[in-house]
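**Q** My questions all concern the structure below.
The values are calculated or read from the model by the stated rules, or taken from the named source; none is laboratory data. Note that the coordinates shown come from a computational prediction; the quantities given were computed from them, not determined experimentally. When we count neighbours, we look across all protein chains shown, and the Cβ atoms used for this are built from the backbone with ideal geometry, even at glycine. Heads up: the accessible areas ignore ligands, DNA and RNA and are worked out on the full protein's heavy atoms, side chains in. Shrake-Rupley method; radii C 1.70, N 1.55, O 1.52, S 1.80 Å.
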Amino acid sequence: MAVLQLATAEVCDANPHLILSGELRALHPIFQIYGRRQVFSGPVVTLKVFEDNVLVREFLEEKGYGRVLVVDGGGSMRCAILGGNPVQQAQNNGWAGIVVNGCIRDVDEINGCDIGVRALASHPMKANKKGIGEKHAAINVAGTRICDGEWLYADTDGILVSRTELTV
């Protein structure tokens, strides 16, 4: 799936009506940029977990079809819920990107992958393996409500979420 890469600043400038209506939202600028793909976009798949990465790994083992996995990890800074092996698998399975409201680890390995990754920080400790969480649920990340099936656009200026796919 070839997705047109839109510059987030230009999207905001061209669509003030979508911003006012809430159809286009910007996430608070709290994320660090990881991975070789600094610009990415695609339909959103949501996941809510806390200090547990079993469901994260399960999603990334599936074919991505150019989608973006958005993980609400509760903003935990106590362990990493994403590491190098699942990111490598996500790259190989065709995911466009991963946004984590939490921590990652294996940063050097992730930075070698051709995929976009955003996370709050890195942390050396691994997550629990209980498999607890909610798939495809509406989540609140970085001041923004995000629903499964919406579209995410990320570049070095920030991250936007839109109810529908945007065109130029």
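**Q** In whole angstrom, note down how far apart the Cα centers of region 43-57 and region 60-136 are.
**A** Rounded to whole Å, the Cα centres lie 8 Å apart.
**Q** Express the accessible area of the chain per residue in Å², computed with a 1.4 Å probe while the remaining protein chains stay in the model. It would help to have the intermediate numbers written out before the result.
**A** On the way: 7870 Å² over 168 residues.
Solvent-accessible surface per residue comes out at 47 Å².
**Q** Could you tell me the calculated FRET efficiency between THR156 and ALA121, based on Cβ-Cβ distance and R0 = 25 angstrom, to the nearest 0.05?
**A** Working: r = 18 Å, r/R0 = 0.71.
In this case the efficiency is close to 0.90.
**Q** Once the Cβ-Cβ distance between ASP114 and ALA14 is put in as r, and R0 is 22 Å, what FRET efficiency do you end up with, to the nearest 0.05? Show your work: numbers first, answer last.
**A** On the way: r = 28 Å, r/R0 = 1.29.
So, using R0 = 22 Å, E works out to roughly 0.20.
**Q** Name the residue farthest towards the positive end of the dipole of the chain from the options LEU20, LEU6, TRP95, assuming +1 on Cβ of Lys and Arg, -1 on Cβ of Asp and Glu, about the Cα centre.
**A** TRP95
**Q** Quick one: with all protein chains in place, what share of the accessible area of the chain is carbon or sulfur, to the nearest percent (1.4 Å probe)? Provide the component values of the computation, followed by the final result.
**A** On the way: 3870 of 7870 Å².
Carbon and sulfur together cover 49 percent of it.
**Q** While we're on this one: Give, rounded to the nearest 20 debye, the magnitude of the charge dipole that region 20-108 has about its Cα centre when Lys and Arg contribute +1 at Cβ and Asp and Glu contribute -1 at Cβ. Each step should come with its number before you reach the end.
**A** Numbers: 9 positive and 9 negative charges, 41 e Å.
For this selection, approximately 200 debye.
**Q** List nothing, just return the count: lysine pairs in region 1-151, 8 or more apart or interchain, with Cα separation under 17 Å. List each step's numbers first, then the result.
**A** On the way: LYS48/LYS129; LYS48/LYS130; LYS48/LYS135; LYS63/LYS135.
Step by step, the pairs that qualify in region 1-151 add up to 4.
**Q** Relative contact order of the chain: what whole-number percent is it, with Cα pairs under 8 angstrom and at least 6 residues apart? Don't skip to the end; give the middle numbers.
**A** Details: 428 pairs, mean separation 55.8, N = 168.
Result for the chain is 33 percent.
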